[in-house]
1. Give the range B:135-166 a look and list any residue that's surrounded by fewer than 20 Cβ atoms within 10 Å (Cβ to Cβ), under 26 Å from B:HIS111 (Cα atoms) and not β-branched (Val, Ile, Thr), or say none.
2. Does A:PRO256 satisfy being surrounded by fewer than 20 Cβ atoms within 10 Å (Cβ to Cβ), away from chain B (no Cβ under 13 Å) and more than 19 Å from the chain's Cα centre (by Cα)?
3. If A:PHE234 satisfies all but one of (1) of a type in the set (A, V, I, L, M, F, W, C); (2) buried (at least 23 other Cβ atoms within 10 Å of the Cβ); (3) free of Cβ contacts under 8 Å to residues at least 40 places away in the same chain, what's the number of the condition it fails?
4. So B:LEU291 clears everything in (1) under 29 Å from B:ALA44 (Cβ atoms); (2) hydrophobic (A, V, I, L, M, F, W, C); (3) within 10 Å of chain A (Cβ to nearest Cβ) except one condition, right? Which one?
5. May I ask you to say which residue of B:ALA229, B:ALA214 is crowded, with 24+ Cβ neighbours inside 10 Å and within 26 Å of B:VAL165 (Cβ to Cβ)?
6. Looking at B:VAL249, B:VAL264, which one is touching a residue at least 40 places away in the same chain (Cβ under 8 Å), over 30 Å from B:PRO97 (Cα atoms) and either in the same structural domain as B:PRO51 (by TED's automatic domain parsing) or buried (at least 22 other Cβ atoms within 10 Å of the Cβ) (or both)?
7. Identify the single condition in (1) more than 14 Å from chain B (Cβ to nearest Cβ); (2) within 18 Å of the chain's Cα centre (by Cα); (3) buried (at least 24 other Cβ atoms within 10 Å of the Cβ); (4) not acidic (Asp, Glu) that A:TRP99 does not satisfy, given that it satisfies every other one.
8. Restricting attention to the range A:212-234, which residues are at the interface with chain B (Cβ under 9 Å from one of its Cβ atoms) and touching a Phe, Trp or Tyr at 6+ places or on another chain (Cβ under 7 Å)?
2 protein chains.
Amino acid sequence: MNTPEHEQVNTPQHVVVHDPTLRDGHHAVRHQLGAEQLRAYAKAADAAGVPVVEVGHGNGLGASSLQAGQARLSDDDMLAVVRESLSKSRMAVFMLPGWGTTADLRKAITHQVDVVRIGTHCTESDLAERHLGFLRENGVEAQGVLLMSHMATPERLARECAQLVEFGAGAVGIFDSSGHYLPADVTERITAIRGAVDVPVAFHGHNNLGMAVANSIAAAEAGAGILDACARGFGAGAGNTQLEVLVPVLQRMGFPTGIDLYGVLNAADIAERELMPAPPTIDSVAVVSGLAGVFSGFKNRVLDISRREKVDPRDVFFELGRRQAVAGQEDLIVDVALTLREALGS
Amino acid sequence: MNTPEHEQVNTPQHVVVHDPTLRDGHHAVRHQLGAEQLRAYAKAADAAGVPVVEVGHGNGLGASSLQAGQARLSDDDMLAVVRESLSKSRMAVFMLPGWGTTADLRKAITHQVDVVRIGTHCTESDLAERHLGFLRENGVEAQGVLLMSHMATPERLARECAQLVEFGAGAVGIFDSSGHYLPADVTERITAIRGAVDVPVAFHGHNNLGMAVANSIAAAEAGAGILDACARGFGAGAGNTQLEVLVPVLQRMGFPTGIDLYGVLNAADIAERELMPAPPTIDSVAVVSGLAGVFSGFKNRVLDISRREKVDPRDVFFELGRRQAVAGQEDLIVDVALTLREALGS
């Protein structure tokens, strides 16, 4: 295949692939991965040369709870297992302030975590100040990432990212939490953020519109230096960017990752066999939640409440999108369903 | 989501979505769809406003055989069931000269087929001359499509397409049969073909590299007027472009299709429930066959022979790609496996 000209005029940067299979994938299995599963996958990713392996409860450090779901293993156990399974890959954790606290960060540091990501809603980077400061004081590599980033303008995201850098983030990033973006949306946002910060920029995609790989490539072409991807796309709903697809596509586009192709295919085979009941696919609910820009974690509650109230769950998703619902606002689902029901005159 | 400028300067054309769920999907179920399955899906696609519904054995008219697989239903039965199930959608068939003959085309005409596609290997459009001529004489809308199109240069594809138009094709197209393309490859090829013909140009994608939707969008942006897509991506290996994902993405990109969103989601739900054991996903073999540019129909034989000869099936695929293997050359698999085995010194 000839390389088109527009790929040759850019000087391609080395892309760091950040693998949250053992953290974001947890959402697809109610946080029930056990020690043998973590070990099998972490060793395979390490052997493949995946640079960063993230582990934890789906909602990050400190999130195991009745509300967010009890994980099978404690944070301590997960970190210990993955730490001893990695020889070259760096170990990462994720934390949402509110779920996790400085005490959880201390715990991660005792497990010799290499990279800590602090995530906030896309307009609330303020909430990361204390934790990013703590990590800076302790000399731990810290990243600040913005969730549900399609809900903010490129300019707003750029300002929030600049603030994350001031707080101490050594890298910043945006999550397409609801899988809403098309490639031009990603290009615009990564470009805006790159104009506002001097640190590496990360992109984390979901596949609701079949665009996770294409969006990640758009991010790399706009200068993103960190791309998130999970083996077999392991993750909630339509899943995440598929790691073992992204790696060779990046290679073909001229973005070296340092990851061995057969190694990452082996890791993906292990993930499919050991971690998941079935690989994610794009079902109708995933398409609709992606179009509506709604967090796919709402799925089961939307389906249950829609059945009870005899309304179309697709209408509920689109209305939740219009109301800019975000995680934590599950009460809105009932409200929306009742409003739609009344509008039907029943 | 703001519409980026480059989308506004083009005048978007109306895109005709061509749905081969009931033909290409047959490859995923050994051509075993029954009358009730064809009827249920065809009615749902018709209700959604899908403009063209293609039906038949996976290899097209006349292909049911021991070698290509015996279909559950005869061509006559398939065409009769789908014809009576469609009220607005047009009915299409596919034919590969060699498998099908003029007698098969006559039969399709008696079933009031609306669109006939004649497919050949990408460098062998000559083989379509007689059948396209026959269809022109009989006043049937005919299309000429080139399979495994990544194996020819854009210039060669443009010449082959121009020849198909001379033979009588009212539309021409390229199939990414092995799922090898990235979007820039598609842009380059559709642009070259558009420069050589005045008829609508079709693109048919496969999802081996997670790019089927992105490649289809690239085709539309380069001026393709016909895009193929299957419900839930129903098809062999990694599957085809996913219909109910493509439709709303085209809508967001400013390419109207006339297809109702909820209707096509309903059709996809029926397809998942009634037609397939499970929706296609991108497994490691699919990634490798896409990268290697090898027809994914080789999969089972490559796996069997590799197991027997104790060689890595991924090596076999890459070597088949280097040797430019095409469907019908299955003998090459044994040859390649033995060569690799010897190279291993065993």
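1. Scanning the range B:135-166 gives B:ARG136, B:GLU137, B:ASN138, B:GLY139, B:GLU141.
2. Details: surrounded by fewer than 20 Cβ atoms within 10 Å (Cβ to Cβ): yes; away from chain B (no Cβ under 13 Å): yes; more than 19 Å from the chain's Cα centre (by Cα): yes.
Here the answer is yes, as A:PRO256 does meet what is asked.
3. Single failed check for A:PHE234: (3).
4. (1)
5. Numbers: B:ALA214 fails: within 26 Å of B:VAL165 (Cβ to Cβ).
After applying the criteria, what remains is B:ALA229.
6. On the way: B:VAL249 fails: touching a residue at least 40 places away in the same chain (Cβ under 8 Å).
After applying the criteria, what remains is B:VAL264.
7. If we test A:TRP99 against (1) more than 14 Å from chain B (Cβ to nearest Cβ); (2) within 18 Å of the chain's Cα centre (by Cα); (3) buried (at least 24 other Cβ atoms within 10 Å of the Cβ); (4) not acidic (Asp, Glu), just (3) comes out false.
8. A:ASN215
The values are calculated or read from the model by the stated rules, or taken from the named source; none is laboratory data. Computed from a prediction, not measured in an experiment: that's the story for all the values here. Here the Cβ is made from the backbone with ideal geometry for all residues, glycine too, and neighbour counts use every protein chain on show.
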